[in-house]
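One structure below.
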Amino acid sequence: MNAVEAVACHLLKERPDWKIYCIGITTNKLVKKYFGENSVIGTATNATELAGLIVEERNSNKLDFFCGDQRRDELPNILRNNGIRVNEVIVYQTKPVLHHIEKAYNGILFFSPSAADSFFSVNKIPANTLLFAIGTTTAKELKQFSNNEIIISEEPGKENLVNKMIQFYSSKINH
């Protein structure tokens, strides 16, 4: 999502005829907004799944990977191990936001692995606080910092994670 915004900002009104793979619903919507409805040729819920799709479809032996400076290794490693050249283009920097919380919360939502890193670098939480993760990669990162229960959104996307949390707490109230 951040990469799409960063690239679109630099292209101004240009719309390159790119064939784009992306992760998640929000990123998919942004790609279509900036690069056209037909620009997305594949989507997945995480990097490993996306890499598998790219390898399976094999539309090219090389691709450009627009990412941040703290990207994970799964996607480029899988592609390279399958003979696809990856031109990595870093288009944004992740800056930690260190915010100490005083209050104990019933649940906390995490939208990225770097958010988990930032949060736990300055916070400790009670054992009964639920952690909500936008996807499996974020959940794995949370497990490095906490043994608390982690609830994972079925599909990545901010709205999906918020809806997951609402559904969880609604079911507790209704029972």
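When the criteria are applied in full, Val162 fails the requirement of being of a type outside the set (D, E, K, R), surrounded by 11 or more Cβ atoms within 10 Å (Cβ to Cβ), in the same structural domain as Leu53 (by TED's automatic domain parsing) and not in a loop (DSSP other than H, G, I, E, B). Quick one: is Ile134 crowded, with 17+ Cβ neighbours inside 10 Å, under 16 Å from Ile23 (Cα atoms) and not assigned by TED's automatic domain parsing to the domain that holds Gly68? Yes. Figure legend. Inter-residue proximity from the stretch 64-76: first residues assigned by TED's automatic domain parsing to the domain that holds Asn87, second residues assigned to a strand (DSSP E or B) and among the charged types (D, E, K, R), beta-carbon distance below 6 Å, spacing 6+ or different chains. Indicated pairs: Phe65/Glu88.
If you filter the stretch 18-38 down to residues that are of a type in the set (A, V, I, L, M, F, W, C) and farther than 20 Å from Asn77 by Cβ, you find that the one that is surrounded by the fewest Cβ atoms within 10 Å (Cβ to Cβ) is Trp18.
When the stretch 61-117 is limited to residues that are modelled with pLDDT under 90 and touching a strand residue (DSSP E or B) at 6+ places or on another chain (Cβ under 9 Å), the one that is surrounded by the fewest Cβ atoms within 10 Å (Cβ to Cβ) turns out to be Thr94. Taking first residues from the stretch 39-55 that are without any contact (Cβ under 8 Å) to a residue 60 or more places away in the chain and surrounded by fewer than 16 Cβ atoms within 10 Å (Cβ to Cβ) and partners that are basic (Lys, Arg) and not in a helix (DSSP H, G or I), the Cβ contacts under 6 Å between residues at least 6 apart in sequence or on separate chains come to Ile41/Lys19. Of all the listed residues (Ala8, Ala116, Ala51), the sole one being assigned by TED's automatic domain parsing to the domain that holds Gly135 and either in a strand (DSSP E or B) or touching a helix residue (DSSP H, G or I) at 6+ places or on another chain (Cβ under 7 Å) (or both) is Ala116.
The values are calculated or read from the model by the stated rules, or taken from the named source; none is laboratory data. Because the structure is predicted, anything quoted here is derived from the model rather than measured. Note: ideal-geometry Cβ built from the backbone for every residue, glycine included; neighbour counts use all protein chains shown.
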